[in-house]
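The values are calculated or read from the model by the stated rules, or taken from the named source; none is laboratory data. Predicted model only: the values in this text are computed from it and were never measured. Note: ideal-geometry Cβ built from the backbone for every residue, glycine included; neighbour counts use all protein chains shown. Remember, those area values only see protein heavy atoms, side chains included, never the ligands or the DNA or RNA. Shrake-Rupley method; radii C 1.70, N 1.55, O 1.52, S 1.80 Å.
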Amino acid sequence: MEPDNINRAIHLTHIFQLPERKIFTFGDTKFSYFILSYLEDRLVLRKGNLNCFKPTIISSESLMEMFKGFSQDAIEFAQQEYQSAFAKLKGLGYQFKNEFQSEEFYDLALEQLLDNISSQISEDSRKSTAILSCPNDLWNFSLLKVSFDIIAKSAPTNFQDLSERGFLTSDEEKQKQEIEVLFSEAQNNRRYIKELGNKLQKYGLFSEYEERFFQLVN
């Protein structure tokens, strides 16, 4: 994709409504979209669904695998423009699938068509609906922009949910948490001392906790 078109996609996408709903941490999320573009003197209205699958914890993943149903040019746009931003997501992967539904043509003013769309959306559906306008040849890229905006809005909550449930805890952190639990239990019930000693040996942590362990034994 040419640099001039990248700039067009960034600056000529106008988002009238971004979904209030965030991506669910432990399940799939479906968003709806309405994209308005001018084709000569007529308005083109494209409708579809943007499905985001349950976020996954990853060590590394290509952007090529994160978006399905988009054009090849749109994927290359994502790679060029957003790769550094996604590098900050600390291994939490998102996968979107674009389900294009329909393309309709109207002889209306943009404002009137926006009003018509808004009046057709229920209050509940509004929470998961995106409405935007863009140049006709760039609608795929504009939909990608909405995807990134949704991710940026959702990622802090997704990280917090996963962290609170221990999904983002490293093996070493989990081992030390287990050791602390065993130390606490062993203070009140000495039958846990043997299990504690075995786990310290198994995890290669005995030297780190040796003094504390023998204080407990004595």
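Numbers at a glance
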read-out	value
All lysines inside 27 Å of LYS174 as judged from Cα atoms, apart from same-chain residues fewer than 8 positions distant	LYS54, LYS88, LYS90, LYS194, LYS199, LYS202
Positive-end residue, the chain charge dipole about Cα centroid, Cβ charges, pick of PHE31, HIS14, LEU205	LEU205
LYS54 accessible area, assembled protein chains, probe 1.4 Å, Å²	100 Å²
Heavy-atom accessible area order for TYR203, TYR38, largest first, 1.4 Å probe	TYR38, TYR203
0 to 90° range, to nearest 10: angle between helix 206-217 axis and the chain longest Cα axis	50 degrees
The chain, accessible surface, carbon-and-sulfur percent (1.4 angstrom probe)	46 percent
Degrees separating the helix 72-86 axis from the principal Cα axis of the chain, which is the longest one	40 degrees
Antiparallel DSSP beta bridges within the chain, percent to nearest 5	80 percent
Net charge dipole size for the chain [Lys, Arg +1 and Asp, Glu -1 on Cβ; Debye, nearest 20]	980 debye
Rounded accessible area of LEU12 (nearest 10 Å², 1.4 Å probe)	80 Å²
Point-charge dipole on Cβ atoms (K/R +1, D/E -1) for the stretch 150-218, about Cα centre, debye to 20	200 debye
Dipole of the stretch 106-218, positive end: most advanced residue of SER125, GLN187, PRO135 [Cβ charges, Cα centre]	GLN187
Euclidean distance of C-alpha centroids, the stretch 109-163 and the stretch 176-218, integer Å	52 Å
Calculated [θ] (222 nm, deg cm²/dmol) that DSSP helices of n ≥ 4 give over the chain, each run adding -39,500 (n - 2.57)	-15500 deg cm²/dmol
Point-charge dipole on Cβ atoms (K/R +1, D/E -1) for the stretch 93-195, about Cα centre, debye to 20	680 debye
Accessible area (Å², per residue) of the chain, counting only protein heavy atoms and a probe of 1.4 Å	57 Å²
Between 0 and 90°, nearest 10: helix 139-164 axis offset from the chain longest Cα axis	20 degrees
